[in-house]
Structures are given as C-alpha cells and as structure tokens.
Amino acid sequence: MAEPVLEVRHVVREFGEGDARTRVLHGISLTVRSGELSALVGPSGSGKSTLLNIMGLLDRPSSGAVLIGGRDTTQLDDRALTELRGRTLGFVFQFHHLMPAFSALENVLMPAYADRGRVDSKLDARGLQLLASVGLTERAHHSARDLSGGEAQRVALARALANEPALVLADEPTGNLDTHSAEAVFGLLRRFCKERGTTFLLVTHDSRLAARCDRIVTLVDGRVVSDARRGAADTAPGTFSET
Amino acid sequence: MPFEWFVALRYLREGRSQTVLIVSAVAIGVGVLVFLTALMNGLQENLLAKTLGSQAHIVVHPPDAQVRALHLDESNEVSFTRSEKPSQHAQSIGQYAQLLAAITAQPGVLAATPIVSGSAFVTRGAIQKSVTLRGIDLASFDRVVAISDKLHAGRFAITGTEILIGRELGQDLGVGVGDRVRVVSAENRSESFTVAGIFDLGSKDVNQRWVLTPLRAAQTLLDLAGAVSSLEVKVTPVFQAEEIAQRIARRTALVADSWMHTNPQLLLALQSQASSTNVMQFFVTITVALGIASVLIVSVVQKSREIGILRAVGTQANRVLRVFLIEGALVGFAGSIVGSGLGVGLAKLFVSLQRNADGSSMFPIAITWQILIAPIALATGVGIAAAVVPARRAARLDPAEAIRNG
Ligand SMILES: Nc1ncnc2c1ncn2[C@@H]1O[C@H](COP(=O)(O)OP(=O)(O)O)[C@@H](O)[C@H]1O
Ligand SMILES: [Mg+2]
C-alpha cells in the first residue's frame, strides 16, 4: 500500500460556547495515501468542509491530531503551519476565488511568490507550463476577472499545483460549473493524478463523479459511515465501475 | 519585487477611485499645511527682519555698578578695570578689544561690534534735530546690522568727519549727500560733518534718530576717549539669542540684553504664531490619519476572502500585515508629494495676487526644503500609523472563516 500523505486521528471539532456548543465532527480518523484520487461525499451539513479545513491546516481540531508526512502538526505555530500548508497542500474551492487584480499567470504563481516572499520572473516558465496543462496558455496574461467560470476553476486548479503539493484538497470544485466544464475539471484531476501522481481529496455531490474515484469516503453527521476502495474490500456495500 | 510590494501596489491600482480619493484628501491636507506654513514662516521672517533689521540681537553694556574689576572668564585670564566717568552718560567699557574677541569666540556668535552712543543735536541752518549719535566701526557694524545694502544714497564709507544719516532725518534737515551739518553733543562739544551716505533701515524712528559717525569722532564728542558704550552682537539662530546673552553675561560680568528680552511682545507674537501652526498641523495630521485608516479598514473588509486565500496558499500573516502598512505609507507619500506641489502652487498664486501698489509682494512667502520634507515624512509616517489597525485586522483574519464568509 502507498505511503500515507496525510492522516487525521480522532478529530473532533466543536463550534460555539456553553449551551450553544455543537459538535460537528465526532472523532474522525482517516488516512490519505499517496497517488490516490479520493472522493469525500455526504449530505449537506455533514461536516465535509469542516474536515477539509482541518486537513488543510486552515482550522485546528478541538481535539485529535493531523499528521502530514507522518509529522504531527498539533504543536506547530501559525508560522510553521502556514509554511507547511503553502509547500505541501493545494486548495481548490467551490468558487474559484481567484484574485481579480492579478492576471491568470500571477494567480497561478501566487503560492510560489508567497513561499519565496518575492515575485520572480524566473517562475513564469513553470506558471505557463501549468496553464498549458489546463489548456489555458493563451489566457495567461488576461485578468482573472475576464475568465469564464470553467476557465477560472482550471486556473484555480493550476494554482493549487504551483508548489507541487503532496495533496490537493478540492471542496466541491465542480459544484458551480455546468456539466461540460465540470467534466473538464474532473478530467484534469484524474489526469494529474495518473500522470503526475498528485494525490487528491475531492468533496463532491455528484455521485457519478465520485464513482469514478479510487476511493469514496462517506460522511454523515460528522462520522465516517463508509470508506470504500475500488477493487478492494468495502466497509459498506456498493460496487464501483468506471463510466 | 518583494511580494508585499507587488500585492500592495496592485491593490492600490485595483481600487482606483478609492485610491484617487484618499490620495487627493491627503494632498489637500498637506497642501493646506504647506501653504499655511510657508505663509506663517514668511510673516515671521518678515516681522523678524523688520524688527531686527536695525537692532542687534544682543546688546552688551556695563551694569549700573561703579568701579569694579571685570573678568573675562572664571580663570581670571584677562581682567581689566573699567574707567569711571562721573558724567550723566556714566558707564562705559574700556579695553573692549579683548572683550570683543572673547564674545566673538562664543558658539552661536556671528559678529560683534563696538558702539559709542549718546544724545546729540544735529543742526543745519536754523533747523535743529535731537538724535542719537552712534560711533561705529563700519566694517564690523555692517556684519551685525547689515546696513551696506540699505544705503539709499551716497557711499557706504565714513572716515574722519563723514557721517551716515537716515532718510527721514535728511528730509527733515533738508540735506543730501555731500552737504555739511553740525553735531552738538550733550557734553557741549561740537563738530562739523559731511553727509557721506543716506540709509533706510525700514523704520521711520531709526531713520529719524540715528546718526552714524566714526568711532573716534563719537568718542571725542561724547568725552569717552578709548572706551565704548556697548558691544552689539549678531547670533544664529536668532531664537537662541537669550541663551547666548546669558552666557555672555556670566562670562563677562556685563549686562547682556537679547532682542527677546527687549521685545517681549514680539516674541509672544512669534510664539503664538508658531503654536497656531502647530495646532493646525495637529488637526490636519489627525484628519489625514483618520481618512487613510477608514479607507484601509473598508478595503480589509472588502478583501477578507482574498486575504483568506492568500493565507491558504501559504502567505505568512506578517506579510499580509506589511501589504497594508505599505498601502498606508504609499497613500501618505503620494498624497504628500502631490500636496506639496499644491501648497507651493497655492503660495505662489497667493503671492502673485497680493501685491502692493508698487508691485512688491505684500506677503513674503518662505518656501524651504524643510517645510516640504517635514510634511512628506509626516504624512508617510501617519500613513503607516493609520494602517496599523487595519493591517493587524487583516493579518489576524482566520483563513477558514474568511474564505467561508468572505
Ligand atoms: N465556523 C462555524 N461556526 C459554527 N458552525 C459551523 C461553522 N462551520 C461549520 N459549522 C456548522 O458545521 C456543520 C457542518 O458544516 P460544513 O462542514 O460546512 O458541512 P458540509 O461542507 O458538509 O456541507 C454545519 O451545521 C455548519 O452550520
Ligand atoms: Mg461544504
């Protein structure tokens, strides 16, 4: 079995204080292995985004631990978490969240600029290559605000890959796209996973997309109710076939 | 380019109309500040020049005491005895050469000159005018009270029995350059002089009363052989005159009166002008700071989701902080550069509009590098200070919250 990229152990997340306190995640344990394209599914409000934020070091669990490359992140301060996040994790959100004041190329390279602390034209080649891999070479110098929804989400995917992360966390990246664009974005995820060995964890509501992933984790009310690998023994019934 | 500058510059360009508005606001504040400071400084300089044009910054004269040993300094290196004159013009200073040298050597002293002075009458035919006779050493006197460039007519020279008189006195007596007048001292000695030049020191009173003769002639007329009445001193900066006067008094055991001591009402006027400038500066500063802070706070709120994304892709909190500090600094700097131009333009316009009948400017305006550099430095600093609160707010945003809620 491939080595673990990211592990969550007994993660609990509660929001609010006193009587208003609600537990959203009830002790989640999960291991994401290198080279996998996994889907995280579940009804709205089941805690998928909350879990993804914790895995992405954007939020801290109320208890439990997040391990990245086998290293416990619990004791890290904000500076170290930020550095680790920038170098080993990539994000794609439901809305592309590109920065409108910058060009497509600059948006793609933003994680690299942030990591180096400076803007360096030597990075341009890498940015253009990433844009080429999402089929947007000719849009490189267009402002992010001039891109269509599908184009913007592809740029956001290229941005997530800028620092060659060990894991890309994608929270409903196709949720806001038409079927055609959604298919294009998902196709790219699969290609990157296959060709470059990039690991993806994808939250989706689209069961047909989920079915095309290597693994499906189902979350209900803050608990993992099923964790199924294609071609392996399932913890829950269901068969998976490529469509 | 450093990451923070890249983002800050792009944000300022992106928020074009907001940026233009706040830079304009800063520019107007700084422009008004520069203009009013230039005007105030000009008025102050004018007032000072008018008052101190004919007056030495410090007048050193003997105390009212009788015969007494005077020391130059604590070590008693040089001491001398002042000759006692029992006449009405009583005290005088003998052996003033060493004293002059000692005073000139004091820090802040530009020049010092000996003066012999007493009352006298000037007569020309049937006309008689009461004047102050001042025996001077022309070269050093000119260094203390610049008079050579205030010569209205004639030559700037007095030798033997030549004198310089003021414009009004010349008119009163009906004399011009080359005419002869008679000077009669209170000691009842008299001498005939030729008018070598006519000066205009800008004060009617001085022009009517001052008669400048060679030192020797005045000593003879006033019966002060070898002695002088006072030593007059020019210092820099002028507002340190009182301090320097006190030092001279301590070292020489003579009385030293600064212009600040003899013109308390002028000093008060200058000080209240200065404090009104400070009050104005204070309020302009506050206004500029509030303007910059409010624009940046709005910008941080508008951009909170973007800030969350920046943090998610690995931007350190202190870099986010610096982005907004740089924005504040740039707005302050750009605004104050434009404002300085505005202030100078306003001042020039004002000067050209306010003219006297003869075409000379009514309001002198003093534009120096200091009055431009100070507001630019101030506005840039204020920009940074005003950005602290919004910048900290941006740096402390919880990235998960910011992305979720925008
Ligand atoms: N910051 C928060 N404060 C309070 N409640 C929250 C917060 N974030 C998420 N929740 C709650 O946690 C639950 C799970 O939310 P979320 O993780 O966004 O679900 P999903 O992404 O599966 O739709 C929801 O009931 C939501 O209201
Ligand atoms: Mg969600």
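The values are calculated or read from the model by the stated rules, or taken from the named source; none is laboratory data. On a predicted model such as this, the values are computed, not experimentally measured, just so you know. Because the Cβ atoms are built from the backbone with ideal geometry, glycine has one as well, and the counts that use them run over all protein chains shown.
Conditions: (1) more than 22 Å from A:Thr82 (Cβ to Cβ); (2) at pLDDT below 80. B:Asn405 meets all but one. Number of the miss?
(1)
Taking B:Phe199 as the residue in question, decide whether it is surrounded by fewer than 16 Cβ atoms within 10 Å (Cβ to Cβ) and either assigned by TED's automatic domain parsing to the domain that holds B:Arg134 or hydrophobic (A, V, I, L, M, F, W, C) (or both).
Details: surrounded by fewer than 16 Cβ atoms within 10 Å (Cβ to Cβ): no; either assigned by TED's automatic domain parsing to the domain that holds B:Arg134 or hydrophobic (A, V, I, L, M, F, W, C) (or both): yes.
When the stated conditions are applied, B:Phe199 does not pass them.
Report the residue count in segment A:27-63 for those that are within 14 Å of ligand 1 (Cβ to nearest atom), within 23 Å of A:Arg85 (Cα to Cα) and more than 14 Å from every other protein chain (Cβ to nearest Cβ).
Filtering segment A:27-63 for residues within 14 Å of ligand 1 (Cβ to nearest atom) gives A:28, A:39-56, A:58-62.
Narrowing further to those that are within 23 Å of A:Arg85 (Cα to Cα): A:28, A:39-40, A:47-56, A:58-62.
Add one more test, that the residue is more than 14 Å from every other protein chain (Cβ to nearest Cβ), and what stays is A:28, A:39-40.
Within segment A:27-63, residues that are within 14 Å of ligand 1 (Cβ to nearest atom), within 23 Å of A:Arg85 (Cα to Cα) and more than 14 Å from every other protein chain (Cβ to nearest Cβ) number 3.
B:Val298 is checked against (1) touching a residue at least 60 places away in the same chain (Cβ under 8 Å); (2) under 30 Å from A:Gly90 (Cα atoms); (3) buried (at least 24 other Cβ atoms within 10 Å of the Cβ) and fails just one. What number does that condition carry?
The number of the failed condition is (3).
I need the full set of residues from segment B:241-295 which are of a type in the set (Phe, Trp, Tyr) and either crowded, with 16+ Cβ neighbours inside 10 Å or in the same structural domain as B:Ala102 (by TED's automatic domain parsing) (or both), in order please. Quick ask: steps written out before the conclusion?
Filtering segment B:241-295 down to residues of a type in the set (Phe, Trp, Tyr) leaves B:259, B:282-283.
Residue satisfying the conditions is B:Trp259 alone.
Condition (residue is surrounded by fewer than 22 Cβ atoms within 10 Å (Cβ to Cβ), more than 14 Å from chain B (Cβ to nearest Cβ) and either in a loop (DSSP other than H, G, I, E, B) or modelled with pLDDT under 95 (or both)) applied to segment A:85-108: is it met by at least one residue?
No.
If you check A:Gly45, A:Gly56, A:Gly69, which single one turns out to be on the phi > 0 side of the Ramachandran plot and in contact (Cβ under 8 Å) with a residue 40 or more places away in the chain?
Values: A:Gly45 fails: in contact (Cβ under 8 Å) with a residue 40 or more places away in the chain; A:Gly56 fails: on the phi > 0 side of the Ramachandran plot.
Every option except A:Gly69 fails the conditions.
Considering only residues that are touching an Asp or Glu at 6+ places or on another chain (Cβ under 6 Å) and within 16 Å of ligand 2 (Cβ to nearest atom), which ones fall in segment A:47-67?
Correct list: A:Ser49, A:Leu52, A:Asn53.
Among the numbered conditions (1) of a type outside the set (Val, Ile, Thr); (2) within 11 Å of another protein chain (Cβ to nearest Cβ); (3) assigned to a helix (DSSP H, G or I), tell me where A:Gln153 comes up short.
(2)
Just to be sure I understand the filter: pairs with C-beta atoms under 9 Å, separated by 6 or more residues or on different chains, first member in segment A:156-175 and at the interface with chain B (Cβ under 9 Å from one of its Cβ atoms), second member among the basic types (Lys, Arg) and not in a loop (DSSP other than H, G, I, E, B). Which pairs pass?
These pairs meet every condition: A:Ala162/A:Arg126; A:Asn163/A:Arg87.
With the condition kept exactly as written, say whether any residue in segment A:109-130 is away from chain B (no Cβ under 13 Å) and touching a residue at least 40 places away in the same chain (Cβ under 8 Å).
The answer is no, given that none of the residues of segment A:109-130 is away from chain B (no Cβ under 13 Å) and touching a residue at least 40 places away in the same chain (Cβ under 8 Å).
Which members of segment A:52-84 meet the condition of being hydrophobic (A, V, I, L, M, F, W, C), out of contact with any Lys or Arg (no Cβ under 6 Å at 6 or more places or on another chain) and surrounded by 15 or more Cβ atoms within 10 Å (Cβ to Cβ)? Talk me through it step by step, then tell me what you get.
Step one: of segment A:52-84, the residues hydrophobic (A, V, I, L, M, F, W, C) are A:52, A:54-55, A:57-58, A:65-68, A:76, A:80-81, A:84.
Add one more test, that the residue is out of contact with any Lys or Arg (no Cβ under 6 Å at 6 or more places or on another chain), and what stays is A:52, A:54-55, A:58, A:66-68, A:76, A:80-81, A:84.
The answer is A:Leu52, A:Ile54, A:Met55, A:Leu58, A:Val66, A:Leu67, A:Ile68, A:Leu76, A:Leu81, A:Leu84.
Applying the selection to segment B:176-185, what residues are touching a helix residue (DSSP H, G or I) at 6+ places or on another chain (Cβ under 9 Å) and either closer than 16 Å to B:Ala217 by Cβ or outside any loop (DSSP other than H, G, I, E, B) (or both)?
Initially, segment B:176-185 is screened for residues touching a helix residue (DSSP H, G or I) at 6+ places or on another chain (Cβ under 9 Å), giving B:176-177, B:179, B:181, B:183-185.
Across segment B:176-185, the qualifying residues are B:Val181, B:Val183, B:Val184, B:Ser185.
Give me a count of the residues in segment A:6-26 that are within 15 Å of ligand 1 (Cβ to nearest atom) and part of a strand (DSSP E or B).
First pass over segment A:6-26, keeping only residues within 15 Å of ligand 1 (Cβ to nearest atom): A:8, A:11-26.
Those still in the list that are part of a strand (DSSP E or B) too: A:8, A:11-15, A:22-26.
Count: 11.
Show me the strands (runs of 3 or more DSSP E) found entirely inside segment B:11-90 where at least 3 residues are at pLDDT below 80.
Working: elements: B:58-61, B:69-71, B:79-81.
By residue number, B:69-71, B:79-81.
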